[in-house]
Amino acid sequence: MGIAVKLPDGKVLELAGGATIRDAAAAIGARLAKDAVAGKVNGEVRDIRTPLKDGDTLSIITRQMPEGLNVLRHSAAHIMADAVQRLFPGTKVTFGPATETGFYYDFDKPGGFQMEDLEKIEAEMAKIIAADHAFQRVEISRDEAIRLFQEKGETFKVEHIGNIPKDEAITIFRHGDWVDLCEGPHIPSTGWIKAFKLTALAGAYWRGDERNPMLSRVYGSAFFDQESLDKFLVQQEEAKRRDHRKLGRELGLFSTVEEIGAGLVLWHPKGALVRKLIEDFWREEHLKNGYQIVYTPHVGKADLWKQSGHLENYKENMYAPMVLDNADYFCKPMNCPFHIHIFKDARRSYRELPVRYCELGAVYRYERSGVLHGLMRVRGFTQDDAHIFVQPEKLEEEVVGALKFCMFFLRAFGFTGFDAYVATRPEKAIGEQSAWDAATAALRKACEAAGLNPMLDEGGGAFYGPKIDVKIKDAIGRAWQLSTIQVDFNLPERFNLEYTGKDNAAHRPYMVHRAMLGSLERFFGILVEHYAGAFPAWLAPEQVRILPITERNLDYCQELAHHLRSFGVRVELDSSNEKLGQKIRVAEQSKIPLMVIVGDKDQTAGGGSLREHGKGDRGFLPREALIEEIKRSAARPS
């Protein structure tokens, strides 16, 4: 008996009973069959050998897709763990996921690893890859799984099995003689890995909790071809040079201090000034685009977080409550419930919609110490947040405007490469299918209207609505997820939001969560790395440094600096006794965008010699031309 599966374009594919994802790919075309790595069945990523059922929805995951690379890298993590246990008997394994840049695996090994161990592990991995062992998925009972891993002495696996919900199937994956507790999916065989490299060592607590044992983490990366790996390794070296933590110290932008607490940021004057410039731009542009600025408290009562669902679904990421007036108060992990209550404070008519609230709101999330990373992952941060309350029939128009606004904003900071993803309804979701279909179509049209060709993230939406994610490409080609536009069918129901329609009846608005930058801290870190600390002149804390060649030029330089400051230019004067060459070196190391060199000839001619960071001398300019060029270079984008 045959089966029919639905493809992403809506077409139905007829297959023989028992057909697998690989069979489906072959039926679509030989090229697709060659590139197929796995498949997404009803929104869930599955092994390519997975049998299909009548009525399934299917999309093929290929080598060219991020999900395909994730499957390869997760498989490489298994191969690495196999190699480690061959070389170092007695080592216990935990888990090894794929990451944005590769993979890692955490091990319990007495004495940990040394960097020289990585070459040995790579050599052993190469043997496993050359053997081309098939990855085999096996579903076993809970008792079988516990017995299997107890016999192997894998105490971490046994502990994890105890945390798997009773109604979930337990699966293991084998390649050769090695077996791991794993949901998969994996590549068909170990020989699919053509290029890999182990890159770093680190420590990590079991389950990210500092109360648990410290484990040894081995990082690596893998690709379908050597050329991609070579490019990645060059990129990684450049990323080290641009590391925002290193540059943050060198340029005096920010710090984190153990005495204050991990993941809590101190903004130094220069970094704080850049942040202010970003915030000023953010607020001014939001006001121009019809948003209303609001401010909300840092804490809220437990009942608020119960109603929003955060205590039920997000409590492990929230700080412990404070007791005030016999009630529990929690530091806010998000701003949404506060914005909702501002909306609810008055009766709303359809004539008022859409209502757009925005806030740079401080939020607090309990991130495990093992995942904290400079400004990229912190515990207290400022969320670039907006919530839009809109009539359902106006959703598309509103999302188009929000996405175009996001693109304008990101381009203003120098980003030009973008990828958009539309995440669709997951298997478990609330809301009518018709509402999901309409909202998803609106998101896709919004991407097209903004000049983006969106990729479909099948089943990747939250349970409460579909979303658009926008990833930017930085100066060295790395992707960073920044802007999100998320439709929410859930919170309007939980908080009983209403507006009065044209028919004088009560209607439920849609709610749209919109972030352009994510957190200011993370965005600042990305900016530092994108520009390697050399901010464009409009963002630089010090835009111009004036370098007098001799003391005779000091008075003229002070007057020039004063004149530039009257135009709002951020200018400093190097009045030290150092020689000009040293003054230039210091300014270059400090990444000052513009320098004005003034000697006797420049002063007599009534101007100065302009120099640009990283580009060198631009020659003498008369005073008025010099000032106009500096003003032009220092101007904020519009």
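The values are calculated or read from the model by the stated rules, or taken from the named source; none is laboratory data. These numbers come from a predicted model, not from an experiment. Methodologically, a virtual Cβ is constructed for each residue, glycine included, from the backbone with ideal geometry; neighbour enumeration extends over all protein chains shown.
Could you tell me which residue of region 178-214 is surrounded by the fewest Cβ atoms within 10 Å (Cβ to Cβ), considering only residues that are in contact with a helix residue (DSSP H, G or I) (Cβ under 6 Å, 6 or more places away or on another chain), in contact (Cβ under 8 Å) with a residue 60 or more places away in the chain and more than 16 Å from Arg73 (Cβ to Cβ)?
Only one residue tops the list, namely Glu210.
Cβ-Cβ distance below 8 Å, separation of 6 or more or different chains: which pairs start in region 591-617 with a residue that is without any contact (Cβ under 8 Å) to a residue 60 or more places away in the chain and end on one that is of a type in the set (Phe, Trp, Tyr) and assigned to a helix (DSSP H, G or I)?
Partner pairs satisfying both residue conditions: Val598/Tyr556; Gln603/Tyr556.
Quick one: is Gly451 under 30 Å from Glu237 (Cβ atoms), part of a loop (DSSP other than H, G, I, E, B) and at pLDDT below 90?
Considered against the rule, which asks whether it is under 30 Å from Glu237 (Cβ atoms), part of a loop (DSSP other than H, G, I, E, B) and at pLDDT below 90, Gly451 comes out as no.
Looking at region 444-463, which of the residues that are over 20 Å from the mean Cα position of the chain (by Cα) and crowded, with 22+ Cβ neighbours inside 10 Å is farthest from Lys404 (Cα to Cα)?
Ala446
Given the conditions (1) over 22 Å from Phe523 (Cβ atoms); (2) at pLDDT below 90; (3) within 21 Å of the chain's Cα centre (by Cα); (4) not aromatic (Phe, Trp, Tyr), and given that Ala262 satisfies all but one, which numbered condition is not satisfied?
Unmet condition: (1).
Can you find a residue that is touching an Asp or Glu at 6+ places or on another chain (Cβ under 9 Å), buried (at least 23 other Cβ atoms within 10 Å of the Cβ), closer than 30 Å to His244 by Cβ and not basic (Lys, Arg) anywhere in region 545-554?
Yes: region 545-554 contains one or more residues that are touching an Asp or Glu at 6+ places or on another chain (Cβ under 9 Å), buried (at least 23 other Cβ atoms within 10 Å of the Cβ), closer than 30 Å to His244 by Cβ and not basic (Lys, Arg).
Please name all residue pairs, on different chains or six or more residues apart, with Cβ atoms under 6 Å, provided the first residue is in region 376-392 and is under 28 Å from Glu100 (Cβ atoms) and crowded, with 18+ Cβ neighbours inside 10 Å and the second residue is among the acidic types (Asp, Glu) and at pLDDT 90 or above.
Sorted first by the residue in region 376-392, then by its partner, the pairs are Val378/Glu521; Phe381/Glu521; Asp385/Glu359.
Do we find that Gly18 is in contact with a Pro (Cβ under 8 Å, 6 or more places away or on another chain) and surrounded by fewer than 18 Cβ atoms within 10 Å (Cβ to Cβ) in this structure?
yes
Limited to region 576-606, what total is found for residues that are surrounded by 14 or more Cβ atoms within 10 Å (Cβ to Cβ) and not in a helix (DSSP H, G or I)?
The total comes to 10.
Given Leu247, Leu251, Leu304, which one is surrounded by 19 or more Cβ atoms within 10 Å (Cβ to Cβ), hydrophobic (A, V, I, L, M, F, W, C) and farther than 30 Å from Ala412 by Cβ?
Just one listed residue meets the conditions, Leu304.
Take the residues in region 139-177 that are touching a helix residue (DSSP H, G or I) at 6+ places or on another chain (Cβ under 6 Å) and in contact (Cβ under 8 Å) with a residue 40 or more places away in the chain; name whichever of them is nearest to Ile61 (Cα to Cα).
Applying the filter and picking the extreme gives His175.
Looking at Phe338, Phe409, which is the one that is touching a helix residue (DSSP H, G or I) at 6+ places or on another chain (Cβ under 8 Å) and surrounded by 19 or more Cβ atoms within 10 Å (Cβ to Cβ)?
The unique qualifying residue is Phe409.
Being out of contact with any helix residue (DSSP H, G or I) (no Cβ under 6 Å at 6 or more places or on another chain), surrounded by 20 or more Cβ atoms within 10 Å (Cβ to Cβ) and at negative phi: is that true of Asp503 here?
Taking the combined requirement at face value, the residue does not satisfy it.
Ile597 - would you say it is under 29 Å from Glu285 (Cβ atoms), among the aliphatic types (A, V, I, L, M), outside the structural domain of Leu410 (by TED's automatic domain parsing) and under 42 Å from the mean Cα position of the chain (by Cα)?
no
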